[in-house]
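Beneath this line is the structure, given in structure tokens, with notes to follow.
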Amino acid sequence: NATMRTRHSVPVTVAWGSLRHGFATMAALAVLLVSGVAGCDSSTGLKSGTDAQALAAAVARWEANATQSYRFTLERYCFCIYSTPLRVTVRNGTVLRAQVIATGDFLLDTELGAVQTIPQIFTILALAIDLPAASFSARYDPTWGFPTEASIDHSLQVADDEVSYRVSDFAAIP
């Protein structure tokens with residue numbers, strides 16, 4: 001794991017072994033690490049200051065609640081694996097299990113690396129803000145801070161790079 005601050009001072013932790021969610025995000029991480037301090041492109045329409053502030057406030061709410069064990073429903077819409085609603089259980093910051101809601105089947109342990117925790121979703125959002133993505137929007141839970149909805153389009157000229165997240169039915173567990 002590595003903790004870094006994005007260009008907009010949003011602290012994010014990257015779990016190198018478990019951040020497996022597609023080429024676009026890994027490429028985004030590489031660009032972020034190489035460019036580090038590159039300026040935002042105002043032609044994208046991304047409200048990076050506002051988006052970064054909203055994300056930082058959401059991360060602060062999440063960290064203030066200090067939960068490492070929780071359940072939630074994750075809907076991820078993209079041209080990627082597991083674009084079906086999952087009921088995710090996280091224990092001590094690690095995905096313990098994920099159940100396909102439509103079938104009741106559980107993902108295999110070897111497949112759990114493709115399922116994001118809330119902090120990993122924060123990392124994805126921070127990277128999208130820092131690049132910046134061509135299009136970005138996010139809404140956050142007012143109490144816990146987790147993203148309730150987020151949509152990212154890294155490039156308007158590239159097909160199938162869009163990703164959207166919806167988090168619902170969140171509950172902290174002992």
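The values are calculated or read from the model by the stated rules, or taken from the named source; none is laboratory data. Not measured: the values here are computed from a predicted model. Virtual Cβ from ideal backbone geometry, glycine too; neighbours counted across all protein chains shown. Only protein heavy atoms, including side chains, enter the accessible area calculation; ligands, DNA and RNA are left aside. Shrake-Rupley method; radii C 1.70, N 1.55, O 1.52, S 1.80 Å.
Annotations
- Test: residue in the range 140-155 that is over 23 Å from residue 57 (Cβ atoms), in a loop (DSSP other than H, G, I, E, B), open to solvent by 20 Å² or more (accessible area, probe 1.4 Å) and in contact (Cβ under 8 Å) with a residue 12 or more places away in the chain: yes
- Residues located in the range 105-125, provided they are of a type outside the set (Ser, Thr, Tyr) and in a helix (DSSP H, G or I): 109, 111, 112, 113, 114, 118, 119, 120, 121, 122, 124, 125
- Residues that are touching a helix residue (DSSP H, G or I) at 6+ places or on another chain (Cβ under 6 Å) and closer than 18 Å to residue 173 by Cβ do not occur anywhere in the range 70-91.
- Condition met for residue 173 (under 15 Å from residue 51 (Cα atoms) and touching a residue at least 12 places away in the same chain (Cβ under 8 Å)): no
- Among (1) open to solvent by less than 50 Å² (accessible area, probe 1.4 Å); (2) assigned to a loop (DSSP other than H, G, I, E, B), the one test that residue 174 misses: (1)
- Flag for residue 131 being free of Cβ contacts under 8 Å to residues at least 24 places away in the same chain, hydrophobic (A, V, I, L, M, F, W, C) and open to solvent by 40 Å² or more (accessible area, probe 1.4 Å): no
- Contact map, the range 58-76: first residue free of Cβ contacts under 8 Å to residues at least 60 places away in the same chain, second residue open to solvent by 60 Å² or more (accessible area, probe 1.4 Å) and not in a helix (DSSP H, G or I), Cβ cut-off under 9 Å, separation 6 or more or different chains; pairs are 68/91; 68/92; 68/94.
- Unmet requirement for residue 116, which otherwise passes all of (1) in contact (Cβ under 8 Å) with a residue 12 or more places away in the chain; (2) open to solvent by 40 Å² or more (accessible area, probe 1.4 Å): (2)
- Condition check for residue 123: of a type in the set (S, T, N, Q) and either surrounded by fewer than 20 Cβ atoms within 10 Å (Cβ to Cβ) or farther than 17 Å from residue 162 by Cα (or both): no
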